[in-house]
Amino acid sequence: MAEKLNALALGYAAAIISAVSMLLLGILGNLRVYTGAVEMMQQGHMFFSISIIGIITGIIEAAIISFVFAYAFGWTYNKFI
């Protein structure tokens with residue numbers, strides 16, 4: 001029998017990875033590195049920009065979205081096994 005996923009832990013892990021990625025992208029954007037990726041993130045996320053407030057709100061937005069989707073995936077996976 002397959003083991004169940006810990007959906008909550010999966011959600012937290014995804015949120016942390018997304019938050020750190022957004023922070024790194026904000027820092028690199030301020031250093032004018034990976035400007036193409038920064039522009040794509042600004043188009044894809046409502047609150048992300050390379051200002052301090054924009055980076056913080058982008059981190060929060062990415063963490064919430066990632067947590068919700070990863071938790072929903074883990075919950076759904078557990079229902080089907």
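The requirement of being part of a helix (DSSP H, G or I), among the β-branched types (Val, Ile, Thr), surrounded by 13 or more Cβ atoms within 10 Å (Cβ to Cβ) and at pLDDT 95 or above is not satisfied by residue 53. Within the option set 70, 63, being in contact with a Leu (Cβ under 6 Å, 6 or more places away or on another chain) and at pLDDT 95 or above holds for one residue only, 70.
Restricting 35, 76 to those that are touching a helix residue (DSSP H, G or I) at 6+ places or on another chain (Cβ under 8 Å) and free of Cβ contacts under 8 Å to residues at least 12 places away in the same chain reduces the list to 35.
From the list 9, 19, the one residue that fits, being within 16 Å of the chain's Cα centre (by Cα), in a helix (DSSP H, G or I) and surrounded by 13 or more Cβ atoms within 10 Å (Cβ to Cβ), is 19.
The values are calculated or read from the model by the stated rules, or taken from the named source; none is laboratory data. In this text, all values refer to a predicted model and were calculated from it rather than measured experimentally. FYI the Cβ positions are ideal-geometry reconstructions off the backbone, even for glycines, and counts take in every protein chain you see.
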